[in-house]
1. Rounded to the nearest 0.05, what FRET efficiency do Arg9 and Glu163 have when you use their Cβ-Cβ distance and R0 = 41 Å?
2. Using a Gaussian network model of the chain with C-alpha springs under 10 Å, which one of Val42, Val56, Val30 is most mobile by mean-square fluctuation?
3. Can you tell me the dipole magnitude for the range 72-142 around its Cα centre, using point charges on the Cβ only (Lys, Arg +1; Asp, Glu -1), in Debye to the nearest 20?
4. For the residues Trp23, Trp35, what sequence is obtained by ranking on other C-beta atoms within 10 Å, fewest first?
5. What is the magnitude of the charge dipole of the chain about its Cα centre, with +1 placed on the Cβ of each Lys and Arg, -1 on the Cβ of each Asp and Glu, and no other charges, expressed in debye to the nearest 20?
6. What shape does the range 2-177 take by its C-alpha gyration tensor, where a ≥ b ≥ c are the square roots of the eigenvalues and a/c under 1.5 counts as rounded, a/b above b/c as prolate, and the rest as oblate?
7. Span-like helices, the chain: DSSP H, alpha-carbon axial extent 18 Å or more, mean Kyte-Doolittle -1.0 or greater, which ones?
8. With a cap of 15 neighbouring Cβ atoms within 10 Å, and only residues DSSP puts in a loop, list the chymotrypsin sites (Phe, Trp or Tyr not before Pro) found in the range 96-140.
Amino acid sequence: MTARVTPDREVVLETDRLLLRPWRVAEAVVQRELWTERDPRVPPHRRIGADGRPTVAELAESIRAEQPSPIGLLAVERKAARDVVGYCGLIDGGRGSPGEPELAFELLRRVWRQGYATEASSAVLDWARSSGYARLWATVWDWNTASRRVLAKLGFTETGRQEVDPVHGTTLFTTKEL
Ligand SMILES: CC(C)(COP(=O)(O)OP(=O)(O)OC[C@H]1O[C@@H](n2cnc3c(N)ncnc32)[C@H](O)[C@@H]1OP(=O)(O)O)[C@@H](O)C(=O)NCCC(=O)NCCS
């Protein structure tokens with residue numbers, strides 16, 4: 001993995017097959033595709049509403065409004081195909097602890113099961129370690145077998161903390177020391 005920081009303090013990570021870099025406004029269509037593909041068990045505020053929102057224009061606006069940051073959810077671009085297939089990165093102030101951000105990832109269904117989530121996350125973990133973070137968190141639905149497997153492959157362990165939602169499932173809290 002190689003990492004570099006742009007003049008805007010944005011992080012760009014490179015792996016064998018992937019480039020992790022800030023989103024471009026034109027890629028709002030990819031973000032909307034991710035929204036449309038979400039599992040029906042995902043809570044409604046994370047899925048496209050009956051009114052069709054968020055629209056591509058709204059997602060484009062949020063990309064435009066994003067402040068440069070050394071932490072965040074990076075677009076995952078495949079180097080060979082030069083297409084953006086999802087995101088991976090860190091959320092500060094998520095459900096982790098202060099100074100201990102949360103890892104998050106989501107990819108388009110057509111690229112699942114090719115090791116991309118694990119490869120992208122490994123690069124984010126390396127970057128976090130070299131940036132001085134000592135511990136990361138990740139939350140995952142108990143029914144999300146693929147994500148639980150990715151977290152296990154990365155070395156995240158379950159803490160025993162859970163949040164039970166009778167409608168959407170149980171959220172498991174996992175953590176990894178870097
Ligand atoms: C979770 C997600 C990012 C994984 O992406 P991916 O690129 O397919 O992940 P990888 O290929 O690196 O690894 C997936 C692992 O899960 C396994 N897996 C995938 N689907 C599975 C299933 N239904 N049952 C059992 N194992 C499964 C794969 O076999 C692989 O494990 P292996 O390497 O031991 O064979 C992708 O499924 C996704 O975007 N899901 C929706 C969003 C999401 O859940 N985000 C995480 C929220 S916590």
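1. 0.75
2. Its mean-square fluctuation being the largest, the pick is Val42.
3. 280
4. The order, fewest Cβ neighbours first, is Trp35, Trp23.
5. Here the chain has a charge dipole of around 420 debye.
6. Judged from the Cα gyration tensor, the range 2-177 comes out rounded (a/c under 1.5).
7. What comes out of the filter, once short or polar helices are dropped, is 116-130.
8. Trp112
We did not get these values from a lab; they are worked out from the coordinates using the rules stated. Because the structure is a prediction, the values reported are computed rather than measured. FYI the Cβ positions are ideal-geometry reconstructions off the backbone, even for glycines, and counts take in every protein chain you see.
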